[in-house]
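This report refers to the structure that appears directly beneath it.
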Amino acid sequence: MIPLVKPIFGKKEKQFINEVIDSGIVASGKYVEEFENKFSKISGAKYGTVCSSGTTALHAALLACAIKPGDKVITTPFTFIATSNSILYCGAKPIFADIDEKTFNIDPKSVEKILKKEKNIKAVICVHLYGLPCDMGELLKLKKKYKFILIEDCCQAHLAKYKNKTVGSIGDAGCFSFYATKNMTTGEGGAVLTNNLKTDALTKKIINHGRMSHYGHDMLGYNFRLTNVAAAMGLAQCEQIQKWTKQRIANAKKLSDGLKNIDFIETPFVPKGYTHVYHQYTVKVKYGLRDKFMKYLKDNGIGCGIHYPEVIYKQPLYQKLGYKKGLCPVAEQAVKEVISIPVHPSLGSKDINTIIKVIKGFKK
């Protein structure tokens, strides 16, 4: 089986983790600070706070940007549920905008329709899905016009770029995940990046019990801290992420070149000036063939998965909250067609050629 994902670990991770263990300082320590500084730098942001997960990064970023109970926050329904759940954690209300049918990312036109219709929209969370940046130019125009907070969910998009600007450094805050299957990992972990010193300082308080001093607390905070052990792993991964990203892009190009003349597959669309980092290489399977195609891939040793099989507002939780079906027709169609196939940097040319050959052998 050629796996859909495969985390990569080397000698540096073991070395740094052993140093932490030998030091005896396994909770927060110097590796946390070094990891924050290093990841912020390679991502083009002035400041960074690392935390326990991508979910806590989103929650902390919303709180640091003053999202309060009753606020309305626009986001996409076509992503992992953590994005909209983080809005609920703040007592705010997710408002779902539809997606662009080519990029799968939030559609600025759909966002503006909501902004014209709904009063008191406080923020927009855009998700750089599968590693492809959103149309940040259009979203920034809307931000200027309608005066909302713009938070980037970059949990699948480490080092992705929108016209030479690295995601996570463009909006008011950028949130990352270092979960085991991400482009780089600390096992579990996350980060909030920002160019605003006050936002960074507040984020650091929020993730650490609202501390203003060791036993002084002037706000409600949480224990969202990252351990020194996890940070050591992340620091080592920072040294490899640029190389791994280039390999993902190279693997994706080979796949797209090899699959471009297959009529039942639509390969990933990348707008000019965007750098897609391919957390997932996700294609559309046409003509209602996805289930048959997925079984065929697995039967022939090719790992695959569906990201994501349902829009968020159709999940039982959101149905209980009163969300109606049919809100975002483009997203509702996409969930019926998408399938992800291997693209990770551990794949060799032989693996890529095998994937292409197997797909070409599929009989409709």
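Observations on the model:
- Working note: Karplus 6.51/-1.76/1.60 with θ = phi - 60° gives the stretch 151-156 the couplings 10, 9, 8, 9, 4, 10 Hz, where Gly and Pro are set to x.
- The stretch 226-303 - Kirkwood radius from inverse mean 1/r over Cα pairs (Å): 15.2 Å
- Each residue of the stretch 162-176 was assigned a 3J(HN,Hα) from its phi angle through the Karplus curve 6.51 cos²θ - 1.76 cosθ + 1.60 (θ = phi - 60°); the sequence is 10, 6, 6, 9, 6, 4, x, 10, 9, x, 6, 7, x, 10, 10 Hz, with glycine and proline shown as x.
- Whole-number accessible area per residue in Å² for the chain, which is evaluated in the context of all protein chains at 1.4 Å: 45 Å²
- Distance from the stretch 116-144 to the stretch 1-75 (C-alpha centre basis), Å: 23 Å
- Cα gyration tensor shape for the stretch 201-338, rounded if a/c is under 1.5, else prolate or oblate: oblate
- Taking amide H as placed 1.01 Å from N in the peptide plane, ILE99 has its amide H under 5 Å from the amide H of ASP107, VAL330, ALA331, each at least 5 places away in sequence or on another chain.
- Considering only VAL26, VAL192, VAL343, the Gaussian network model of the chain with Cα springs below 10 Å gives its largest mean-square fluctuation to VAL26.
- With every protein chain in place, the stretch 205-364: carbon and sulfur % of accessible area (1.4 Å): 53 percent
- Cross-link pairs exceeding 25 Å in C-alpha to C-alpha distance, out of LYS93/LYS145; LYS41/LYS205; LYS12/LYS165, comprise LYS12/LYS165.
- Packing-based ranking, highest mean first, of 145-152, 13-20 given that Cβ atoms within 10 Å are counted: 145-152, 13-20
- Taken about its Cα centre, the stretch 228-274 carries a charge dipole of about 180 debye when Lys and Arg each add +1 at the Cβ and Asp and Glu each add -1 at the Cβ.
- Taking every DSSP helix (H) stretch of at least 4 residues in the chain, weighting each as -39,500 (n - 2.57) and dividing the sum by the residue count yields a mean residue ellipticity at 222 nm of -11500 deg cm²/dmol.
- The H on the amide N of ILE302, modeled in the peptide plane, is under 5 Å from the matching H of ILE2, each at least 5 residues off or on a different chain.
The values are calculated or read from the model by the stated rules, or taken from the named source; none is laboratory data. Keep in mind that this is a model prediction, so the values were computed, not measured. Note that each Cβ is placed from the backbone with ideal geometry, even for glycine, and that neighbours are counted across all protein chains shown. Side chains included, ligands, DNA and RNA excluded: accessible areas come from the protein's heavy atoms. Shrake-Rupley method; radii C 1.70, N 1.55, O 1.52, S 1.80 Å.
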